[in-house]
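The values are calculated or read from the model by the stated rules, or taken from the named source; none is laboratory data. Treat the numbers as computed from the prediction; the structure is a model and nothing was measured. Because the Cβ atoms are built from the backbone with ideal geometry, glycine has one as well, and the counts that use them run over all protein chains shown.
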Amino acid sequence: MARNPTPLMWTLFGAGGMLSALLFPIHIFLLGLAFPLGWLEGPSYESLHALVTHPITRLYLFAFISLPLFHWAHRFRYTINDLFQLKQGTGIVAGICYGAALVGTFTAAYTLWTLS
Amino acid sequence: MGFEVSDGTHDAGRPRLYRRPMPLGWWLQNGAYFRFVVRELTCVFVGLFAVLSLWQVRALGQGAEEYARFVERLGAPAFAALSGVTLVAVLYHAVTFLNLTPTIVVIRIGQQRVPGWAIAGAHYAAAVVLSGVVAWILLQG
């Protein structure tokens, strides 16, 4: 790990922000609204299962879940600092935010790796 | 980002930054502050949808019945309303994020700098194309 983690965190923030800007709206619209509410017919369980267990889709979903979590962590951390004008405890806020993103990343890796 | 807060740990021996005292509701004072905080808080919905996607993958791995129950739960009014709010927040994130791309991505062709509108436009075009690809894959059946 580099001595100063800020550039790395900013890079993950930017990558997650870009990925979510480009891909989240269509995913939310289809998987969160159109399919559950029956506006459009979603894929069958079998075809969705075949799609998601494909190695490329697993990698896609890993980036799709992990990078936006780091986007959240980095942005939320500074928002908390600014909203509450924290002078102390900023290290704890950072630890909780990046820690949560790391936990989510490991959970995603495990879930996608063991998905059968 | 104009609101970076010094964490005070690197100030030893250096003049401290003057911090104008601000009331706790500083971000409600004017429209620009408010829009800034709303933009920053869209990250909560970005994180929320990432977690929801992970949850959905997990449900998919637990078999057809469990997955059907998951999708049914997504269609419940409270969950659908949350998805609606998430969509609006993420669209606001997308527009504000892509509008900033010209300040971050600098491309030169010879001596000429590619204009900002072209860089932002290319990112919007990428969003449209990628959304089309995702929709095409998921609507195959």
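With the requirement that a residue be more than 18 Å from A:R75 (Cα to Cα) and either of a type in the set (F, W, Y) or surrounded by 13 or more Cβ atoms within 10 Å (Cβ to Cβ) (or both), what does region B:21-36 give you?
Scanning region B:21-36 gives a single hit, B:W26.
With (1) surrounded by fewer than 14 Cβ atoms within 10 Å (Cβ to Cβ); (2) closer than 21 Å to B:R35 by Cα as the list, and B:R108 as the residue in question, which single condition is left unmet?
(2)
Quickly run through region A:29-75 and pick out the residues that are closer than 29 Å to A:W10 by Cα and either in contact with a Phe, Trp or Tyr (Cβ under 6 Å, 6 or more places away or on another chain) or among the aromatic types (F, W, Y) (or both).
Across region A:29-75, the qualifying residues are A:F29, A:Y60, A:F62, A:F64, A:F70, A:H71, A:W72, A:A73, A:H74.
Go through region B:50-87 and give me each residue that's hydrophobic (A, V, I, L, M, F, W, C), touching a residue at least 40 places away in the same chain (Cβ under 8 Å) and at the interface with chain A (Cβ under 7 Å from one of its Cβ atoms).
None; the set is empty.
Can B:R16 be described as at pLDDT below 95 and more than 9 Å from chain A (Cβ to nearest Cβ)?
yes
Got a sec? Which of A:F13, A:F64 is surrounded by 13 or more Cβ atoms within 10 Å (Cβ to Cβ), without any contact (Cβ under 8 Å) to a residue 60 or more places away in the chain and closer than 23 Å to B:L91 by Cα?
On inspection, the qualifying residue turns out to be A:F64.
Filter region B:31-49 for residues that are within 8 Å of chain A (Cβ to nearest Cβ) and either among the basic types (K, R) or in contact with a Phe, Trp or Tyr (Cβ under 7 Å, 6 or more places away or on another chain) (or both) and give the result. Outline the logic, then answer.
Of the residues in region B:31-49, the ones within 8 Å of chain A (Cβ to nearest Cβ) are B:37, B:40-41, B:43-44, B:46-47, B:49.
If the condition is that a residue be within 8 Å of chain A (Cβ to nearest Cβ) and either among the basic types (K, R) or in contact with a Phe, Trp or Tyr (Cβ under 7 Å, 6 or more places away or on another chain) (or both), then B:V37, B:C43, B:V44, B:V46, B:G47, B:F49 are the ones that fit.
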